[in-house]
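See below for the structure under consideration.
The values are calculated or read from the model by the stated rules, or taken from the named source; none is laboratory data. Since the structure is predicted, the reported quantities are computational estimates derived from the model, not experimental observations. We place every Cβ from the backbone using ideal geometry, glycine too, and count neighbours over all the protein chains shown.
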Amino acid sequence: MKSKKITYLFFVLGIISSAPSQSAYDAIHLMDREIGFGTRPLSMGGAFTGLADDYTAIYWNPAGLGSISTPEIYTELSHLNFNNQATFLGNINSDNQSFTRFRSFGLAMPVSTTRGSLVWAIGYNRILDFDDNLMFNGSSGISNDIGFYLNEDTTFYLFDGVQNGEVYRHEQVQSEGGLRQISFGGALALSQKFTIGVMLGLLGGTEEYRLHFSQMDSDNNYLDYPADFDEYQVIQILRSDIRAFSLKLGGMLHLVRGLKMGGVITFPSVYQIDEIHSMSDKLIFDDGFTDQTEETGEWFYKVKSPFVFDYGLSYSNTFITLAASGRYRDWSQTRFEVGRNNYDDEDYRGFLEENTQIRSVYHPTLEYHLGGEVNLGIFNTQLRAGYALFPSPKKVVIDRNQDKETISGGLSIGLDENVNLDVTFLRNRWSRYSADIYTPGGVSENIYTNHLLIGFSYSF
């Protein structure tokens, strides 16, 4: 009887459960999409560490705030279009999503001093986006080992892929959210040539992750009890709330007229993640009988980020500005934090194993950023362009296309002596390989994003 069969059906495999499912990738993922903010810096490829001279210096190099001589208000909007072309078992699937968001609002205020300069700043800035999407489908003859207990002594597998034939699989994964930073910064000129700056940031954000998977007996190959299924469906939902504290220390040195050099140290942060997850699966049989289960849970964990070192050089004159910068980060020093009181907990000890995985799989990277700006000499207008390369944090990269490249450009128009309107466009591209227990064999992805930023600044 089908009802008797359902009485003894229990799902054996599942990604989400009361035990932690966090992996080395989850720790790296918290930081590997960080691009910062600012229409001018991003239009110049992010090459702003040695140039920073407006409100956006609060992120790129807080010492650059010392260059501000009049109070300044800055605000920014962004529109992101995320395109993914996925290849699964020879089938090519394309999907795209768009996101429009408020990105930044801040104020920089010089303070009157008898010597040198003192400038403070405060603001809200979005520095990282989790937005992502992936969709693919195709017929597969590779078993994904989804199994069920029929009774205490017998396990049957929903799909064997050898005796009965292929099934049709469809999967869609979506993520959205980001990290926002409430920043407090200040800069002090220690001499005519050297300025130091500091930024204290309160990081907060969310990521909402959704996975929809279905496995269908589209050719009606599976007819025999107990694997006489028509379709198997899985829905997973995760919401992660993230909090952290950030500290940056920067310096800016004026070498000769028009030539500047800057450096920034970003100290390690401890990210606190509160994750709520749910999973439901549904098994539909050929006669229409349906078995469905649901599970929810909550998990709390911490991740410690490594030091980040930024350095840059810039040259400016009346007509042109050129800038270059780099960012060094040792991803292998990222760590799940486990307290002494949790060492006896088997679930938390799994984090120590993931720390070993982080050390063996990831390595240091050095980002490159180049940018330029030309003063067109009419209507107080500047034309900008830039390039950036973000190497993959993985030690072993089969395809160098997994390194992310960014090409950028922008235009700044002075609406009057005090008001500037900036428009920036970013084009990113990279590739990656994804796999999970539902789709053995994995999927290859080519990803392209188009990012439009509109910034408005007012000096008074």
Take the residues of segment 299-354 that are within 29 Å of residue 238 (Cβ to Cβ) and small (Gly, Ala, Ser): which is modelled with the lowest pLDDT?
-> 339
Run down 439, 424 and say which single residue is in a strand (DSSP E or B), in contact (Cβ under 8 Å) with a residue 60 or more places away in the chain and among the β-branched types (Val, Ile, Thr).
-> 424
Hits in segment 293-322 - residues which are under 20 Å from residue 261 (Cα atoms), in a strand (DSSP E or B) and over 24 Å from the mean Cα position of the chain (by Cα) | 313, 314, 315, 316, 320, 321, 322
In segment 391-406, residue nearest to residue 27 (Cα to Cα) [restricted to those that are without any contact (Cβ under 8 Å) to a residue 40 or more places away in the chain and in a strand (DSSP E or B)] | 394
Do we find a residue being touching an Asp or Glu at 6+ places or on another chain (Cβ under 9 Å), surrounded by fewer than 18 Cβ atoms within 10 Å (Cβ to Cβ), part of a strand (DSSP E or B) and aromatic (Phe, Trp, Tyr) anywhere in segment 276-290?
-> no
Evaluate segment 121-135: report whether one residue or more is buried (at least 19 other Cβ atoms within 10 Å of the Cβ), within 16 Å of the chain's Cα centre (by Cα), under 30 Å from residue 218 (Cβ atoms) and aromatic (Phe, Trp, Tyr).
-> no
Of 176, 171, the only residue that is touching a residue at least 60 places away in the same chain (Cβ under 8 Å), touching a Phe, Trp or Tyr at 6+ places or on another chain (Cβ under 6 Å), among the acidic types (Asp, Glu) and closer than 26 Å to residue 86 by Cα is 171
Residue count, segment 351-390, condition surrounded by fewer than 16 Cβ atoms within 10 Å (Cβ to Cβ), part of a strand (DSSP E or B) and over 22 Å from the mean Cα position of the chain (by Cα), comes to 3
Report whether or not residue 227 is surrounded by 17 or more Cβ atoms within 10 Å (Cβ to Cβ) and not in a strand (DSSP E or B).
-> yes
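For segment 369-381, name all the residues that are at pLDDT below 95 and either touching a strand residue (DSSP E or B) at 6+ places or on another chain (Cβ under 7 Å) or within 11 Å of residue 44 (Cα to Cα) (or both). Full working, then the answer.
First, pick out the residues of segment 369-381 that are at pLDDT below 95: 375-381.
Correct list: 375, 376, 379, 380, 381.
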Mind listing just one residue for me: the one in segment 55-70 that is surrounded by fewer than 24 Cβ atoms within 10 Å (Cβ to Cβ) and in a loop (DSSP other than H, G, I, E, B) and, of those, modelled with the lowest pLDDT?
-> 69
